[in-house]
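For reference, the structure discussed in these notes is given below.
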Amino acid sequence: MKSPVPDYLQAVIDSVRSLTGGAVADYIPELAGANPERLAIAIATVEGAVYVAGDSKERFSIQSMSKPFTYALAIADRGLAEVAQHIDVEPSGEAFNEISLETGTGRPRNPMINAGAIAAHSLIAADSAAQRDARVHDFYSRFAGRELALDAELMQSEQSTGDRNLALGHLLKSFGVIDQDPVAAVNGYIRQCSLTVDVADLALMAATLANGGVQPVTGERLVDPLIVRQVLSVMTTCGMYDAAGDWLTTVGIPAKSGVSGGIIGVLPGQVGIAVFSPRLDSHGNSVRGVAMMERLSRDMNLHIMDAARPARSAMRSRRRVRAGGENATVFELQGDLVFVSTEALIRNAVDNPPDTELVVFDLSRVDEITDVARRMSIAATERLKADGKRVVLVDPRKIIAPLTLPDGTSPATLDSLEELEAGGSP
Ligand code: GLU
């Protein structure tokens, strides 16, 4: 059987080919030469499956799609609190190269505009500018799962025409937001923008964010989940230049676009998406890229505000069994223990208290437990104990065990219900 996914992606490509509005970015001489007809798409799942269609071998510069990754590295190096002292997280509602600095402090509004991205680049720990460049290069390459190449001509072209970015760099230095040589900081930022990718690279980079910071193919953990959360939040509110609100309402996934015509999108827990087509709209976003993302979002229910299937009760069944010569109430649980599913389970036990002394929670079919559900489980177990119950867990994969109560004790834990049914009273 052939997967239907590539055919679907091809249909998405075909549906936007007739859109010829917009113009290729020409403020960097080298970018102006891009073939405006190029069109490509890729999606990568958190399991590492990659699907492409169109001109998927075409390489282009990563440009501003680099910004989320540099921000992530800066946080990994310095910690969120220190980075936040240098770069705010407020949408600017302005163009990417606007002088969006906070009055008084000079702090850039967010890391997705140039001022913030130059500051983020300068925060990356290194002994020299060259080492900083190398670390950025290596970091992006790990996200892509292969060594990325630098477009040196493009870099030089932008470095020799980057007066506006240089002005931003000098302003940042004058406010004390960066403490290194502003020319080196801007050159480093431009170098990061000049690393080249294809849509599959970008989709995997995005899928690494979708996968909580673990590269889906290599399995390497590149950043912590909390950093991913920070980066995705900022992409959601600030990722699409001055069209962020429009983007969130229509497409609805964290995203970042670049003036080379690419857009990356991240659907947490599911996929990374990349689209590419060089002609840009007045906001600097790829015209066909936006259209493809809108279509994917509609067809694939990607919008993050399209509430997922409501979390159901974690309770698969509740029954009474004879175990070790006594009666027991067995709650058989399933799925993910999150706030709502755990609350429904506890409510069942509150409304209809078990009438046996032995109460068993069978977690054999539970996949995951969140911190809040763990705390709720501890509190519920304590209360059951206070009501004179003996709680036993069946938890072969140690999803919840050991569940340590505030008094230091933990409920007995078995590998299977049969153990309980066959054995003596635990
Ligand atoms: N190299 C570009 C610049 O700083 C990146 C712009 C972008 O992709 O938004 O001007």
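Sequentially through region 279-296, phi angles give Karplus couplings (6.51, -1.76, 1.60; θ = phi - 60°) of 6, 10, 8, 5, 8, x, 9, 4, 4, 6, x, 4, 4, 5, 5, 4, 5, 4 Hz, Gly and Pro residues having no value and appearing as x.
I'd like to know which of Ser194, Thr103, Ser15 lies farthest towards the positive end of the charge dipole of the chain, counting +1 on Cβ of Lys and Arg and -1 on Cβ of Asp and Glu. Farthest towards the positive pole: Ser15.
Taking a sphere under 10 Å around the Cβ of Ala42 and counting the other residues whose Cβ falls inside, with K and R at +1 and D and E at -1, yields a net charge of -2. Which of rounded, prolate or oblate describes region 134-274 when judged by the alpha-carbon gyration tensor and an a/c cut-off of 1.5? Cα axes put region 134-274 in the prolate bin. Dipole of the chain computed with +1 at Lys/Arg Cβ and -1 at Asp/Glu Cβ about the Cα centre; of Ala291, Val359, His303, farthest Cα towards the positive end is Val359.
The heavy atoms of Asp387 offer some 110 square angstrom of accessible surface to a 1.4 angstrom probe.
Neighbours of Ala74, meaning other residues whose beta-carbon lies under 13 angstrom from its beta-carbon, give a summed charge of +2 when Lys and Arg score +1 and Asp and Glu score -1. Per residue, region 263-364 exposes an accessible area of 44 Å² to a 1.4 Å probe, with every protein chain left in place.
Across region 76-87, computed HN-Hα scalar couplings (Karplus, 6.51 cos²θ - 1.76 cosθ + 1.60, θ = phi - 60°) run 4, 6, 10, x, 5, 4, 5, 4, 5, 5, 9, 9 Hz from first to last residue, x flagging Gly and Pro. The charge dipole of region 193-257, taken about the Cα centre with unit charges on the Cβ atoms of Lys, Arg (+1) and Asp, Glu (-1), comes to about 160 debye, rounded to the nearest 20. Helices in the chain, meaning DSSP H runs of at least 4 residues, each add -39500 (n - 2.57). Divided by all residues, the mean residue ellipticity at 222 nm is -12500 deg cm²/dmol. Shape class of region 278-357 from the Cα gyration tensor (axes a ≥ b ≥ c, square roots of the eigenvalues): prolate, since a/c reaches 1.5 or more and a/b is larger than b/c. Taking packing as the residue-averaged number of other Cβ atoms within 10 angstrom, the listed peptides 251-263, 172-184, 343-355 run from highest to lowest as 251-263, 172-184, 343-355.
Both radii were evaluated on the Cα set of the chain; the Rg over Rh quotient, with Rh as the Kirkwood radius, amounts to 1.10. Basic side chains Lys and Arg get +1 at the Cβ, acidic Asp and Glu get -1 at the Cβ, and with that the dipole of region 117-176 about its Cα centre reaches some 260 debye.
When the residues Arg59, Arg78 are ordered by accessible surface, computed with a 1.4 Å probe over the protein chains alone, the sequence from largest down reads Arg59, Arg78. Region 240-300 and region 328-345 have Cα centres separated by 38 Å.
Got a number for carbon plus sulfur as a percent of the chain's accessible area, 1.4 Å probe? Present the calculation step by step, with values, prior to reporting the outcome.
Numbers: 9180 of 18050 Å².
That share works out to 51 percent.
Overall, the chain carries a charge dipole of about 680 debye about its Cα centre when +1 sits on the Cβ of Lys and Arg and -1 on the Cβ of Asp and Glu, all other atoms neutral. Spatially, region 348-426 and region 40-100 are offset by 43 Å when compared through their Cα centroids. An oblate overall shape is assigned to region 17-125, the ratio a/c of its alpha-carbon gyration tensor axes (a ≥ b ≥ c) being 1.5 or greater and a/b not exceeding b/c.
The values are calculated or read from the model by the stated rules, or taken from the named source; none is laboratory data. Please read all numbers here as calculations on a predicted model, not as lab measurements. Ideal geometry is used to build each Cβ from the backbone, glycine not excepted, and the neighbour counts take in all protein chains shown. To get the accessible areas, we keep the full protein, side chains included, count just its heavy atoms, and leave off ligands, DNA and RNA. Shrake-Rupley method; radii C 1.70, N 1.55, O 1.52, S 1.80 Å.
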